[in-house]
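Working notes, structure below.
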Amino acid sequence: MKFARFKKQTEETILQGIVTDNGILEIEGDIFSDWKHTEVVHDVEEIELLEPLTPRHVIGIGANYVGKTADLPSELPDIPVFFYKPVSSVIGSGEPIVIPSKVEEVKFESELAVVIGKRASNISEEEVTDYIFGYSVANDVTAPQFFHEAGHWMIGKSFDTFTPLGPYIETELDPDKIKVEAYLNGDKKQNSSTLLMIVSMRKMIAYLSEVMTLEPGDVILTGSPLGAEMMKDGDEIVCEIAEIGKLRNPVKQG
Ligand code: MG
């Protein structure tokens, strides 16, 4: 099932729905606990998609893909490189990514985003999928010009609009059988199986749950395949996981 958040083009009210063949069926309630169908179906041509949830937290992992299976390391890092992205950086599909005024280009990073659905503390790798609500596509936009020389990435990851998320949350997905893709102005730049992750999705979530209690609405960005490049004013970036959808954002200079 695909969950969406949206508004009608002429109204400000934020609505939730599930994607059907006939349009988006409006739902009411909390997607993580108790929701129900309404009778209202919205034409996809008459709505504006928003990010599919307002995350509680957004946590990313650094440099987490190899180019081919043979390059996967036999030993994993003791402490993976994680970072937070502010919730204020989250935008939906269709909204522009704004390049900070002091620089002329920023990097795209197409990623599988995991949405936590149940409180998770000290869970094992084998239990992780029981705690996942669903999956989305993220663009972990990055301005490496703002990485601090002492190694801190936070500022370079945190500008407004730097976390496009969407278009939907897909709840029925086998995370081991998908490809993460990116198209810059129509040219394919990234295309990798999630099996090329260094720290697997299950390992990273089990690890995080030993550090912090994860809650419904937490979003984990699982790292970007090889091939990420810079983008500039006037570009269009599409991050795609075929089973979830296309996350499409224009790029403009701030
Ligand atoms: Mg990334």
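All told, G245 meets the bar of being away from the ligand (no atom under 16 Å from the Cβ) and assigned by TED's automatic domain parsing to the domain that holds I123.
Taking segment 212-237 as the range and being within 17 Å of the chain's Cα centre (by Cα), at negative phi and open to solvent by less than 10 Å² (accessible area, probe 1.4 Å) as the test, the residues that pass are L214, D218, V219, I220, L221, T222, P225, I237.
Candidates in segment 96-115 are the residues that are part of a strand (DSSP E or B) and open to solvent by 20 Å² or more (accessible area, probe 1.4 Å); of these, the one that is farthest from L196 (Cα to Cα) is V98.
Selection within segment 136-154: residues that are of a type outside the set (D, E) and free of Cβ contacts under 8 Å to residues at least 12 places away in the same chain. The member of this set that is farthest from the ligand (Cβ to nearest atom) is A150.
Beta carbons closer than 7 Å, at least 6 apart along the sequence or on distinct chains, pair a first residue in segment 215-240 that is free of Cβ contacts under 8 Å to residues at least 60 places away in the same chain and under 22 Å from V98 (Cα atoms) with a second that is within 16 Å of the ligand (Cβ to nearest atom) and open to solvent by 30 Å² or more (accessible area, probe 1.4 Å) for G227/K189.
Looking at E28, E48, which is the one that is surrounded by 12 or more Cβ atoms within 10 Å (Cβ to Cβ) and either in contact (Cβ under 8 Å) with a residue 24 or more places away in the chain or touching a Pro at 6+ places or on another chain (Cβ under 8 Å) (or both)? Explain how you work it out, then say what you get.
Values: E28 fails: either in contact (Cβ under 8 Å) with a residue 24 or more places away in the chain or touching a Pro at 6+ places or on another chain (Cβ under 8 Å) (or both).
Residue meeting the stated conditions: E48.
Taken together, the residues in segment 116-131 that are crowded, with 21+ Cβ neighbours inside 10 Å and either within 13 Å of the ligand (Cβ to nearest atom) or free of Cβ contacts under 8 Å to residues at least 24 places away in the same chain (or both) amount to 0.
With the condition kept exactly as written, say whether any residue in segment 172-193 is within 16 Å of the ligand (Cβ to nearest atom), open to solvent by less than 10 Å² (accessible area, probe 1.4 Å), touching a Gly at 6+ places or on another chain (Cβ under 6 Å) and more than 28 Å from E26 (Cβ to Cβ). Yes, segment 172-193 contains at least one residue that is within 16 Å of the ligand (Cβ to nearest atom), open to solvent by less than 10 Å² (accessible area, probe 1.4 Å), touching a Gly at 6+ places or on another chain (Cβ under 6 Å) and more than 28 Å from E26 (Cβ to Cβ). The set of residues in segment 1-25 being of a type in the set (K, R) and either open to solvent by less than 10 Å² (accessible area, probe 1.4 Å) or farther than 17 Å from P55 by Cα (or both) consists of K7, K8.
Here's the yes/no breakdown for (1) touching a Ser or Thr at 6+ places or on another chain (Cβ under 8 Å); (2) at positive phi; (3) not aliphatic (A, V, I, L, M):
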position: T69; (1), (2), (3): no, no, yes
position: S93; (1), (2), (3): no, no, yes
position: I97; (1), (2), (3): yes, no, no
position: N122; (1), (2), (3): yes, yes, yes
position: I132; (1), (2), (3): no, no, no
position: E149; (1), (2), (3): no, no, yes
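All but one of (1) open to solvent by 40 Å² or more (accessible area, probe 1.4 Å); (2) not in a loop (DSSP other than H, G, I, E, B) hold for S74, so report the exception by its number. If we test S74 against (1) open to solvent by 40 Å² or more (accessible area, probe 1.4 Å); (2) not in a loop (DSSP other than H, G, I, E, B), just (2) comes out false.
The values are calculated or read from the model by the stated rules, or taken from the named source; none is laboratory data. Just so it is clear, the structure is predicted and the values come from calculations on it, not from any experiment. All Cβ positions, glycine included, derive from the backbone under ideal geometry; neighbour counts span all protein chains shown. Ligands, DNA and RNA are excluded from the accessible area calculation, which covers all protein heavy atoms including side chains. Shrake-Rupley method; radii C 1.70, N 1.55, O 1.52, S 1.80 Å.
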